[in-house]
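Asks: Handing you a structure now.
The values are calculated or read from the model by the stated rules, or taken from the named source; none is laboratory data. Keep in mind that what you see is a predicted model, and the values were worked out from it rather than measured. Cβ coordinates were reconstructed from backbone atoms using ideal geometry, including for glycine residues, and neighbour counts include every protein chain displayed. Just the protein is used for accessible areas: all its heavy atoms, side chains included, with ligands, DNA and RNA removed. Shrake-Rupley method; radii C 1.70, N 1.55, O 1.52, S 1.80 Å.
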Amino acid sequence: MNSAPSRERHDLPRRPARLGFAGTLARWTRRIIAGVVLLAAALVLGTAVRVWQVARIDDTSTADAIVVLGAAQYSGTPSSVFEARLEQAYKLYERGVAPEVITVGGKQEGDEYTEAASGKNYLISRGVPADSITAVEEGSDTLLSIEAVSEAMGAQGIGSAVLVSDPWHSLRTRTMARDAGLEAWTAPTRQGPAVFTRESQLHGIARETGALIWYQLTHFSADFPYTAGQ
């Protein structure tokens with residue numbers, strides 16, 4: 001009697017080997033690190049885009065004051081960066097955007113003039129009446145300057161301001177001003193070293209992206225060196 005033909009056996013799929021605790025931990029650590037890197041990249045890219053977007057805004061709605069953020073000055077003479085901002089403020093004042101211009105900024109060790117005073121003197125030389133200019137001679141960085149302006153405007157009973165600075169500086173100054181309780185918008189300069197070249201524009205965007213992220217995370221100042229030219 002013949003025996004029944006044997007059935008062909010098929011190999012069953014092998015189960016993947018278990019990684020164990022160490023392997024599982026390593027895999028999830030890699031995933032978490034990758035996720036953090038992606039989130040950080042998205043944050044940086046998103047902030048850079050916002051810096052670029054707000055830099056393009058030129059809001060000349062009427063306000064209580066035109067606020068000019070200070071920059072370097074040399075023995076009372078504004079640097080080219082500062083002069084570009086002051087010229088923009090002068091144009092806005094001539095257009096009737098606000099009845100008052102506020103210059104702001106202290107001085108470095110050894111300086112004879114503050115940024116605010118040199119800015120005021122420059123605007124007077126351009127024909128702006130002295131009694132239409134308030135020099136807030138405080139502030140060694142953007143945050144301290146904005147806080148000093150907010151306090152000075154509060155003492156005057158006014159609260160709206162059009163902020164004048166370099167285009168890439170606009171979003172951070174506006175953010176700080178609103179955090180300080182001001183109703184603020186921006187009309188940045190379109191001339192000067194900050195906008196001369198593609199290199200200076202990219203440097204400005206990178207600089208302000210880092211500074212703004214630092215401010216939003218800590219609410220501390222972060223004014224990185226400006227190298228586009230003075």
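Asks: Go through the stretch 95-113 and report how many residues are open to solvent by 30 Å² or more (accessible area, probe 1.4 Å) and at pLDDT below 95.
Replies: 7
Asks: I've got another one for you. Can you find even one residue in the stretch 180-197 that is out of contact with any Ser or Thr (no Cβ under 8 Å at 6 or more places or on another chain) and not in a loop (DSSP other than H, G, I, E, B)?
Replies: Taking every residue of the stretch 180-197 in turn, none turns out to be out of contact with any Ser or Thr (no Cβ under 8 Å at 6 or more places or on another chain) and not in a loop (DSSP other than H, G, I, E, B).
Asks: For residues that are in a loop (DSSP other than H, G, I, E, B) and touching a residue at least 24 places away in the same chain (Cβ under 8 Å), tally how many sit in the stretch 156-165.
Replies: Matching residues across the stretch 156-165 total 3.
Conditions tested, residue by residue: (1) in contact (Cβ under 8 Å) with a residue 60 or more places away in the chain; (2) more than 13 Å from the chain's Cα centre (by Cα).
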| site | (1), (2) |
| --- | --- |
| S145 | yes, yes |
| P167 | yes, no |
| S170 | yes, no |
| R174 | yes, no |
| G181 | no, yes |
| R190 | yes, yes |
| P193 | yes, yes |
| F220 | yes, no |
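Asks: Let me ask something additional. Which of the residues that make up the stretch 87-99 are in contact with a strand residue (DSSP E or B) (Cβ under 6 Å, 6 or more places away or on another chain) and closer than 18 Å to P193 by Cβ?
Replies: Matches in the stretch 87-99: Q88, A89.
Asks: Hey, another quick one. Can you tell me which residues in the stretch 156-180 are of a type in the set (G, A, S) and open to solvent by less than 10 Å² (accessible area, probe 1.4 Å)?
Replies: A161, S165, S170, A177
Asks: Turning to a different aspect of this structure: So is E115 among the acidic types (D, E) and in contact (Cβ under 8 Å) with a residue 60 or more places away in the chain or not?
Replies: No: the conditions fail for E115.
Asks: Hey, another quick one. Which one of these does A84 not meet: (1) assigned to a helix (DSSP H, G or I); (2) within 22 Å of R207 (Cβ to Cβ); (3) open to solvent by 50 Å² or more (accessible area, probe 1.4 Å); (4) aliphatic (A, V, I, L, M)?
Replies: (3)
Asks: From the residues in the stretch 30-67 that are open to solvent by less than 40 Å² (accessible area, probe 1.4 Å) and over 30 Å from L123 (Cα atoms), which one is farthest from the chain's Cα centre (by Cα)?
Replies: G35
Asks: Something else now. Of all residues being assigned to a loop (DSSP other than H, G, I, E, B) and open to solvent by 80 Å² or more (accessible area, probe 1.4 Å) in the stretch 114-155, which is nearest to S170 (Cα to Cα)? Just the residue, please.
Replies: S140
Asks: What are the residues in the stretch 58-100 that are in contact (Cβ under 8 Å) with a residue 24 or more places away in the chain, closer than 14 Å to Q191 by Cβ and among the basic types (K, R), if any?
Replies: Listed by number, the list holds a single entry, R85.
Asks: Out of the stretch 52-87, which residues are over 20 Å from I158 (Cβ atoms) and of a type in the set (S, T, N, Q)?
Replies: Listed by number, the residues that qualify are Q53, Q73, S75, T77, S79, S80.
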